[in-house]
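Contents: one structure, followed by commentary.
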Amino acid sequence: MASHNSEIIGRSFGDRVLFGLVILLALVMAGPVLYVIALSLKDNKELMVDPHSVFHMPYTIKNYIDTIGTSNVFSWVFNSIIVAGGLTVFTLILSSLAGYGFARLNFPGRAVLFVIVLLGLAVPEQAVLIARHQIFSWLGLHNSYPGLILPGLSSAFGVFLMTQYFRAIPKELDEAAILDNASRFRVFWKVLLPLTVPAQATLGIFTFLGAWNDYFWPLISATKKEMFTLTVGIASTQMNFAQSQGIGFLMAQAVFAGAPILIIYLFFQKYIVTAVSGAAVR
Amino acid sequence: MTLRKLFLATISAATVMMASPSFAATELQVQRFFGACDADFGKNTDVTKAVGECGIITSLINKFAADNPDIKINVTTVEWPGYDQLTAQFASGDAPDIVTIHESVLSDYQSKGLLMPLDDVLKTVGLTTDQFTGAAKEGATKDGKIYGLPIDNWTMLYHVNMDLFKQAGLVNADGTPMLPKSPEELLAQAEQFKQKTGKPYFVQNLANETALFTRNLYTYLFQQNSDFFADPKKAKFNTPEAKKVVEMYKAIFDKGYTTKNLDYGGAINAFLAGEGGVQLNGTWVVGDYNAQSEKAGTALNKGGYAVYPYPQLFSGAKAQYADGHTWAVSKKDRSPEQTAAIGKFLKFFADNDFEWSRTGHLPAYKAVMESAKFKALPHRDTIAAIATLGKPLPSAVQRQFAIQDIVGEEMSAAVTGQKPVDKALADMESRVNELLANL
């Protein structure tokens, strides 16, 4: 700690101001999270009368006990893990294969097909929602894991990202492997794919977070309570006036809901920072 | 008896039991809003011990399930109001059997033939529409048939902090709050209140809000006999009557007679903390506010809590906007057992309407409304008038929740000065009519 302090003290005034600003921004970012945690530790009735009571004793873990004892939050977390995890795995597989194809294989209509894929980036989800809902109804896919996973698999962003990444890898690597009698799949699997791990991580993180936080499609596709994902499940527990009643319980559920994402962030922090800074797209 | 015989007898008995319809529970899918409160009431079947909308409805369903072991109730709780989900469920042919729907929304589904008329089902369990209150009957009737079992009527109310009203000198000789009788009197009393207490007259949730604005506008349009939905497909909001109402609320806003940046939860907290004289909120908070007023040390305990219908500010009809909650039944092929189970469920709720009325909502049944135990509930003497004052929009008006958002957005823009009043009213009318034209 002492060496850290001396490091800061030894810095220029500008650096110290910058450091102070960073701390301030960190507090601004952490503030809402800390507020959620504090609310989750307060008695619901006390909060209704005096929201400022969150800043002082007494605190209670009753909301957590109630969440563990009576809430469906764990089954919602389970559903969200299946959906977000499944979507991430399949998106990585499909986007990597498509990206490799667009970057390395010559086939008729490649350029046109790639443009069509890119056009997918310009089509908002809301534009296809009704048609998709209807199709999934005909196929009987609502209230099922495939019904929640399939719509996200057509990831134009994923294909674009992976295509760009594969393109940036020198072709000499493929040629050297082919000279060593490696098959096309072996080149993809053993030579190129390992080099795309940063892009895979970026795509995986964005896909997982997007699926985890998705609300509207699960809302209209997973209408049976046993298929609720976390976002829909937590929303369903709100009373008409959730802002004033049962807010501590709601926040305790939110803490449970946020925990898996927090753990993922801790493990993949480096990749998330890289992804956000855009450094993954070379 | 040998072991083999015993085994065969057991298997035979089990097979007979499983094959017999009388042993198979009839399953009903019930979907509702009002939130989840399993921690407090998840297993409670003593309805008298339940409080609040969520607690009472959870306990009522628990009690019904306990009393009817031959009927299996699967409850799905949805985020209020749940209509996106319900529409999607109808679209995919997977609608719940019984679902909570506002009276104002029944038309959206009934007009598309998605709901089952309940007249016959209700008749078989001994329920007739003459048992409903006038407001409940009007709200649940579409094209001459009943499309939802009414369980209440609700409306917005004047929730009054009597301590602050006393400080402001706005109390009558009989101890009741002095409420205004005209827009001018309202502004004058609000000014007096502000001068004497240093606080705003109104505690309103004007942030992230559309419903409050809309309900206020509808109420004071009714009070001016403005038939703004004479044609259910063409609204008339760009009128002198609407302008009067919007300008009144704009004056309240501009002169600081109201809280300004509070959302719904913030407004409740502010009122309970004694930050203003009158909160405009619904029937559903009467119980909670009354409980607060009985607790020593609270702002409402100092001088008391009173609650009244909106004051009559104009010389037209004595009316205020009201809506209600119903149990509606989706139209689908069902076995006679399932239909009978639905009838039992609806009858149970009709029979227990008093318990539901403890939420603060008005009963949907005359017998409950006139009962001594209902009248004995706190503040029902002052708010019972809304049973006759309460007026819904015409039942033929569809998309009332979507209209509410448009009207509220435009009125909010006018009141807070983001748009001139005339422009806001013109936009309100054209946007609503565009919506209705596309139905």
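The values are calculated or read from the model by the stated rules, or taken from the named source; none is laboratory data. Just so it is clear, the structure is predicted and the values come from calculations on it, not from any experiment. All Cβ positions, glycine included, derive from the backbone under ideal geometry; neighbour counts span all protein chains shown. What goes into the accessible areas is simple: the full protein's heavy atoms, side chains included, and nothing from ligands, DNA or RNA. Shrake-Rupley method; radii C 1.70, N 1.55, O 1.52, S 1.80 Å.
Based on alpha-carbon positions alone, could you give the equivalent ellipsoid semi-axes of chain A from the gyration tensor, as √(5λ), descending, whole Å? Kindly include the intermediate steps, with their values, before the conclusion.
Numbers: eigenvalues 336, 183, 47 Å².
Sorted largest first and rounded, they come to 41, 30, 15 Å.
I'd like the mean, over residues of B:39-47, of how many other protein chain beta carbons sit within 10 Å of each residue's own Cβ. Before the final figure, lay out the partial values.
Values: counts 13, 5, 1, 4, 1, 0, 0, 0, 0.
Mean number of neighbouring Cβ atoms from other chains: 3.
Take every Cα pair under 8 Å in chain B that's 6+ residues apart, average their separations, divide by the length, and report that relative contact order as a whole percent.
Working: 793 pairs, mean separation 109.2, N = 439.
Result for chain B is 25 percent.
Span-like helices, chain A: DSSP H, alpha-carbon axial extent 15 Å or more, mean Kyte-Doolittle 1.0 or greater, which ones?
Working: long enough: A:13-40 (40 Å, 2.02); A:73-104 (45 Å, 1.43); A:125-138 (19 Å, 0.25); A:156-168 (18 Å, 0.88); A:197-213 (23 Å, 0.92); A:247-277 (35 Å, 1.65).
The answer, listed by residue number, is A:13-40, A:73-104, A:247-277.
Cα centroids of segment B:416-439 and segment B:387-405: how far apart, whole angstrom?
Taking the Cα centre of segment B:387-405 as reference, the centre of segment B:416-439 is 17 Å away.
What is the packing order of peptides A:172-185, A:79-92, taking the mean over residues of other C-beta atoms within 10 Å and listing the highest first?
Numbers: A:172-185: 12.1, A:79-92: 20.5.
Listed from highest to lowest mean packing, they are A:79-92, A:172-185.
With θ set to phi - 60°, apply the Karplus curve 6.51 cos²θ - 1.76 cosθ + 1.60 along segment B:226-236 and write out the HN-Hα couplings as whole Hz, x wherever there is a Gly or Pro.
For segment B:226-236, the Karplus-derived couplings read 7, 8, 6, 10, 4, 9, x, 9, 8, 7, 10 Hz, x marking Gly and Pro.
Normalised by the empirical 2.2 N^0.38 Å for globular proteins, what value does the Cα Rg of the protein assembly as shown take? Write out the running numbers ahead of the final one.
Working: Rg = 30.2 Å, N = 721, 2.2 N^0.38 = 26.8 Å.
That works out to 1.12 for the protein assembly as shown.
Could you list, in their original order, any pairs among B:Lys194/B:Lys302; B:Lys233/B:Lys260; B:Lys137/B:Lys331; B:Lys142/B:Lys375; B:Lys194/B:Lys375; A:Lys42/B:Lys194 whose Cα atoms are separated by more than 26 Å?
Numbers: B:Lys194/B:Lys302 19 Å; B:Lys233/B:Lys260 34 Å; B:Lys137/B:Lys331 21 Å; B:Lys142/B:Lys375 30 Å; B:Lys194/B:Lys375 34 Å; A:Lys42/B:Lys194 34 Å.
Those over the limit are B:Lys233/B:Lys260; B:Lys142/B:Lys375; B:Lys194/B:Lys375; A:Lys42/B:Lys194.
Kindly tabulate the residues in segment A:221-237 with an accessible-area decrease of at least 50 Å² between the chain alone and the assembly of all protein chains, using a probe of 1.4 Å.
Listed by number, the residues meeting the 50 Å² cut-off are A:Thr223, A:Lys225, A:Ser236.
Residue-wise, which Karplus ³J(HN,Hα) couplings in Hz belong to segment B:138-143, taking 6.51 cos²θ - 1.76 cosθ + 1.60, θ = phi - 60°, and x for glycine or proline?
Karplus-based 3J(HN,Hα) across segment B:138-143 equals 4, x, 9, 9, 10, 6 Hz.
When chain A is treated as a GNM, springs tying every alpha-carbon pair under 10 Å, which of A:Thr163, A:Thr60, A:Thr70 comes out with the largest mean-square fluctuation?
A:Thr70
Per DSSP H run of n ≥ 4, the term is -39500 (n - 2.57); total these for the protein assembly as shown, divide by its residue number, and report the mean residue ellipticity at 222 nm rounded to 500 deg cm²/dmol.
Values: 36 runs with 406 residues, N = 721.
After summing the helix terms and dividing by residue count, I get -17000 deg cm²/dmol.
Once you average over the residues of B:73-80, how many Cβ atoms of partner chains fall within 10 Å of each Cβ? Working shown, then result.
Numbers: counts 0, 3, 1, 6, 9, 8, 13, 7.
Going residue by residue through B:73-80 and averaging, the value is 6.
At a probe of 1.4 Å, how much accessible area disappears from chains B and A on forming the pair, both sides counted, to the nearest 100 Å²?
Values: alone 19060 and 16970 Å², together 33340 Å².
Buried area between the two chains comes out at roughly 2700 Å².
Roughly to the nearest percent, how much of the accessible area of the protein assembly as shown is carbon and sulfur, given a 1.4 Å probe? Write out the running numbers ahead of the final one.
Details: 20770 of 33340 Å².
Here it works out to 62 percent.
At a Cα cut-off below 14 Å, give the aspartates and glutamates reachable from B:Lys166, other chains included and same-chain residues fewer than 8 away excluded.
Correct list for B:Lys166: B:Asp174.
Could you tell me how many degrees, from 0 to 90 and to the nearest 10, lie between the Cα long axis of helix B:3-19 and the main elongation axis, the longest principal axis, of the Cα atoms of chain B?
40 degrees
Which whole-number percentage describes the relative contact order of chain A, with Cα contacts under 8 Å and a sequence gap of 6 or more? All intermediate terms of the calculation are to be shown ahead of the outcome.
Numbers: 261 pairs, mean separation 88.4, N = 282.
Averaging sequence separation for qualifying contacts and normalising by length gives 31 percent for chain A.
If amide H atoms are built 1.01 Å from N in the plane of the peptide, which residues on other chains or at least 5 residues away come under 5 Å of the amide H of B:Gln320?
Those qualifying (amide H under 5 Å, at least 5 residues apart or on another chain) are B:Gly390, B:Lys391.
B:Lys344: which aspartates and glutamates have alpha carbons under 12 Å from its alpha carbon, excluding same-chain residues fewer than 8 sequence positions away?
Cα-Cα hits under 12 Å: B:Asp67, B:Asp70.
Once amide H atoms are built 1.01 Å from N in the peptide plane, which residues 5 or more positions from B:Thr76, or in another chain, come under 5 Å H to H?
Here B:Val30, B:Gln31, B:Arg32 satisfy the definition.
Sort out the exposed loop trypsin sites (Lys or Arg not before Pro) in chain B (DSSP loop, at most 14 other Cβ within 10 Å) and tell me the longest stretch that has none. Kindly include the intermediate steps, with their values, before the conclusion.
Details: sites that count: B:Lys43, B:Lys112, B:Lys181, B:Lys233, B:Lys255, B:Lys260, B:Lys295, B:Lys318, B:Lys332.
Segment B:333-439 is the longest.
Search the structure for amide H atoms under 5 Å from the amide H of B:Tyr365, placed 1.01 Å from N in the peptide plane, and list their residues when 5 or more places away or on another chain.
Answer set, sorted by chain and number: B:Thr133.
Of A:Lys224/B:Lys72; A:Lys190/A:Lys270; B:Lys63/B:Lys366; B:Lys49/B:Lys123; B:Lys234/B:Lys318, which pairs sit farther than 21 Å apart, going by alpha carbon to alpha carbon?
Details: A:Lys224/B:Lys72 16 Å; A:Lys190/A:Lys270 24 Å; B:Lys63/B:Lys366 23 Å; B:Lys49/B:Lys123 31 Å; B:Lys234/B:Lys318 24 Å.
Violating the 21 Å Cα-Cα cut-off are A:Lys190/A:Lys270; B:Lys63/B:Lys366; B:Lys49/B:Lys123; B:Lys234/B:Lys318.
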